Structure formats: C-alpha cells, structure tokens
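Following: one structure in structure tokens, then a few remarks.
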Amino acid sequence: MNSPTSPSSAAPSAAEHRSGFACFVGRPNAGKSTLTNALVGTKVAITSSRPQTTRHTVRGIVHREDAQLVLVDTPGLHKPRTLLGQRLNDVVRTTWAEVDVIGFCLPADQKVGPGDRFIAKELAQVKRTPKVAIVTKTDLADRETLTQQLIAVDQMGKEAGIEWAEIVPVSAVAGEQVDLLADLLAPLLPEGPPLYPEGDLTDEPELVMIAELIREAALEGVRDELPHSIAVVVEEMLPREDRPADRPLLDVHANLFIERSSQKGIVIGPKGQRLKDVGTKARRQIEALLGTPIFLDLHVKVAKDWQRDPKQLRRLGF
Ligand SMILES: Nc1nc2c(ncn2[C@@H]2O[C@H](COP(=O)(O)OP(=O)(O)OP(=O)(O)O)[C@@H](O)[C@H]2O)c(=O)[nH]1
Ligand SMILES: [Mg+2]
C-alpha cells in the first residue's frame with residue numbers, strides 16, 4: 001500500500017497500466033496469425049490455408065487504455081521433417097520462455113488430436129506462465145460441436161497437468177469474442193508502461209513484410225509440398241529516377257526461391273500467367289502497406305533443397 005502522502009497514490013490508474021507479451025501457439029493452420037491480425041486490427045502476419053505458413057515470430061501490438069499487449073505469433077508446432085522444421089520448432093520453444101502469457105489455439109472444427117496433446121505436454125513444462133486455451137474458428141462449428149470441444153480442451157489440460165487461466169472460444173473471421181479475448185489477456189500481464197510507441201502495430205521490418213506478402217500471394221493455389229518449398233527475399237528497393245515528385249514509383253526487386261527446377265513450371269504457370277497473377281496480387285498488398293505505387297520485379301530461382309541446407313537457410317534468413 002502507498003502512504004496517502006506518496007505521489008503515486010494520486011494517480012492510481014497510471015500505476016495499473018499493464019504491458020507484456022503473449023504468444024499464440026498451436027498446430028499449423030490453427031488460426032494463430034489470423035487471430036493476431038484480428039486483435040491488432042490490421043494485417044501484420046500473413047495467413048493461408050496451407051499449414052506452416054508462418055516461419056518466424058511476428059509481433060503485433062494491441063494498444064489499449066489499460067494495457068499494451070504485444071502478441072507474438074509463432075510458427076505452428078509440428079513434427080519436423082526438415083532442418084527448417086526443426087528451426088521453426090526451436091523458435092517456438094524459445095518464445096515460451098520469454099512471454100508473460102501463452103495462448104494455445106485449437107480449431108473448433110477439428111477434434112483434439114495427438115498433435116495438440118504433444119504441444120500440451122510440452123507446455124506443461126513451462127510452469128509459471130499463465131496459459132489460456134483459445135478455441136478458434138468457432139464460425140465453423142455448430143453449438144454442440146463447440147460445447148464438446150470446450151469439454152475436450154478442458155480434459156486435455158487436466159491430462160497434461162495444465163490449469164487453464166481461461167478457456168475462450170473465438171472467431172477471428174467473424175470477429176466474435178476477439179475483444180473479449182483481449183480483455184482476458186490484459187489482466188494476465190505484469191504492471192508496466194507501454195513497451196512500444198503509440199501507433200506502432202508491428203516490429204516487422206518493411207523488407208520482411210514485403211517478402212512475406214509476396215510469399216502469401218504465391219502460396220494460394222499451389223498444391224502438396226510446394227508451399228513449403230517457397231521462400232522470398234527482397235533484394236532491393238529503390239525509388240525510380242526521373243519521376244515527377246507527385247508521381248513517385250518504387251522499384252521492388254524480389255526473388256522467389258523454390259527447391260527444384262521441376263517446380264519452376266508450376267510457380268510460373270502456362271505462359272507465365274500464374275507468376276503474373278501472384279505479382280499483381282502481391283503488388284496491390286505492398287502498395288496498400290507502403291501507400292505508394294510500386295513496380296514489382298519478381299524472379300523465380302532455384303535454391304536446391306534449401307530447407308535442408310544450413311548454408312542456404314542462413315542466406316534465406318533462418
Ligand atoms: N472460418 C474461419 N477460418 C479461419 C479463422 N481463423 C483462421 N482461419 C483460416 O484458417 C487458415 C489458417 O489460418 P492461419 O491464421 O494462417 O493459421 P496459423 O495457425 O497461423 O498457421 P501456421 O502459420 O501455418 O501455423 C486460413 O485459411 C484462415 O483463413 C476463423 O476464425 N474462421
Ligand atoms: Mg501463422
């Protein structure tokens with residue numbers, strides 16, 4: 001208790017401001033990135049219907065009156081088959097040690113399975129950090145299924161030795177209970193001042209964000225293992241010379257890497273149409289991000305078996 005004469009007692013609300021980190025974990029495709037974006041209110045992480053979309057931790061910042069919540073969106077945790085897969089899992093586990101609260105995402109429309117139980121077992125080792133179970137994609141489940149899922153998640157927690165601080169059903173797509181989730185996470189953060197300046201929504205470097213938007217555009221529509229083989233690097237970004245001041249143009253040079261030359265045709269498509277579509281889609285997103293017209297110069301290159309090659313991984317930023 002502060003004494004009545006202490007200066008801090010004059011402004012109790014300032015002392016109660018909370019700030020800290022929450023990370024979302026879960027199987028690939030559980031809806032972690034979509035939920036991150038919904039909470040932040042803007043797209044900070046790319047999403048796709050392909051599993052293992054997220055490949056590095058992305059921070060999204062939620063600014064509230066009473067708290068600043070920094071969301072750390074991590075790659076889906078899965079059984080690794082490549083060196084890349086191992087690196088992604090390492091990233092996730094390192095993050096657990098650094099956050100104030102962990103949100104475990106489980107889709108409402110899929111039964112709790114071995115993959116989830118595996119994560120729960122691992123999570124149980126992280127003793128002191130409060131854990132919230134988040135049942136995602138509730139718009140895809142009827143009432144009965146959702147009820148069963150909430151019970152199953154409760155049960156899974158008990159079996160793994162986790163005491164859930166909360167179990168919250170949400171739909172990021174329908175915008176249901178997203179605000180409630182923020183209301184529940186905020187009190188679990190320690191007291192403290194904001195960690196990021198007002199208005200900052202992410203700490204993703206612009207070049208990384210641009211590469212991610214290109215990768216996102218390239219992911220949809222390709223099948224099987226190909227999404228995992230795609231990596232994108234922005235090599236250069238330069239304002240076009242000789243442009244009038246009121247009509248600037250930014251040249252963005254990017255490489256889209258695949259693992260085998262046999263994949264080239266799929267990415268490029270007949271008469272180059274697929275690559276063209278990817279470029280158009282990505283360009284729109286990048287222009288929205290930067291607020292300026294760009295020219296996207298996109299090339300497809302082979303980086304042989306990069307997911308398994310330490311040297312290539314380093315070059316591609318892993
Ligand atoms: N209907 C519905 N679909 C959702 C919802 N949230 C996510 N999705 C979809 O589920 C798919 C996966 O979403 P992501 O947010 O990329 O999943 P993730 O957990 O980040 O996946 P990884 O990064 O691969 O681990 C995408 O097609 C999303 O549109 C939701 O609330 N409702
Ligand atoms: Mg993701």
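In summary, residue 78 fulfils each of the numbered conditions (1) open to solvent by 10 Å² or more (accessible area, probe 1.4 Å); (2) part of a helix (DSSP H, G or I); (3) not aliphatic (A, V, I, L, M) with the single exception of condition (2).
Pairing residues of the range 257-280 that are in contact (Cβ under 8 Å) with a residue 12 or more places away in the chain with residues that are β-branched (Val, Ile, Thr) and assigned to a helix (DSSP H, G or I), at Cβ distances under 7 Å and at least 6 apart in sequence or on separate chains, gives 258/267; 274/267; 274/268; 275/267; 275/268.
Okay, residues lined up against (1) within 16 Å of ligand 2 (Cβ to nearest atom); (2) modelled with pLDDT of 95 or more:
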| residue | (1), (2) |
| --- | --- |
| 63 | no, yes |
| 79 | no, no |
| 87 | yes, no |
| 93 | no, no |
| 96 | no, no |
| 100 | no, yes |
| 107 | yes, yes |
| 122 | no, no |
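Listed by position, the strands (runs of 3 or more DSSP E) inside the range 81-192 whose residues that are open to solvent by 10 Å² or more (accessible area, probe 1.4 Å) number at least 3 are 164-169. Of everything in the range 284-318 that is in a helix (DSSP H, G or I) and polar (S, T, N, Q), the residue that is farthest from the chain's Cα centre (by Cα) is 312.
Taken over the range 258-283, the criterion of being part of a helix (DSSP H, G or I), in contact with a strand residue (DSSP E or B) (Cβ under 7 Å, 6 or more places away or on another chain) and under 21 Å from residue 212 (Cβ atoms) is satisfied by 267, 268, 275, 279, 282, 283.
Against the test of being within 12 Å of ligand 1 (Cβ to nearest atom) and small (Gly, Ala, Ser), the options 67, 108, 133 yield a single qualifying residue, 108. Condition check for residue 59 on (1) part of a strand (DSSP E or B); (2) touching a Ser or Thr at 6+ places or on another chain (Cβ under 9 Å); (3) open to solvent by less than 10 Å² (accessible area, probe 1.4 Å); (4) within 16 Å of ligand 1 (Cβ to nearest atom): one failure, at (3). Return the residues of the range 205-246 that are more than 20 Å from residue 46 (Cβ to Cβ) and either part of a helix (DSSP H, G or I) or free of Cβ contacts under 8 Å to residues at least 12 places away in the same chain (or both); say none if nothing qualifies. If the condition is that a residue be more than 20 Å from residue 46 (Cβ to Cβ) and either part of a helix (DSSP H, G or I) or free of Cβ contacts under 8 Å to residues at least 12 places away in the same chain (or both), then 241, 242, 243, 244, 245, 246 are the ones that fit.
Within the range 261-289, restricting attention to residues that are of a type in the set (A, V, I, L, M) and open to solvent by 40 Å² or more (accessible area, probe 1.4 Å), the residue that is farthest from residue 246 (Cα to Cα) is 266. Can we say residue 208 is in contact with a helix residue (DSSP H, G or I) (Cβ under 6 Å, 6 or more places away or on another chain) and either open to solvent by 10 Å² or more (accessible area, probe 1.4 Å) or under 30 Å from residue 134 (Cα atoms) (or both)? For residue 208, the condition - in contact with a helix residue (DSSP H, G or I) (Cβ under 6 Å, 6 or more places away or on another chain) and either open to solvent by 10 Å² or more (accessible area, probe 1.4 Å) or under 30 Å from residue 134 (Cα atoms) (or both) - is not met. Pairs meeting the criteria (first residue in the range 120-146 and touching a residue at least 40 places away in the same chain (Cβ under 8 Å), second residue open to solvent by 60 Å² or more (accessible area, probe 1.4 Å) and among the acidic types (Asp, Glu), beta carbons under 7 Å, at least 6 apart or on different chains) are 132/166; 137/109.
The values are calculated or read from the model by the stated rules, or taken from the named source; none is laboratory data. Predicted model only: the values in this text are computed from it and were never measured. Glycine also receives a Cβ, built like all others from the backbone with ideal geometry; neighbour counts cover every protein chain displayed. Heavy atoms of the whole protein, side chains included, go into the accessibility calculation; ligands, DNA and RNA do not. Shrake-Rupley method; radii C 1.70, N 1.55, O 1.52, S 1.80 Å.
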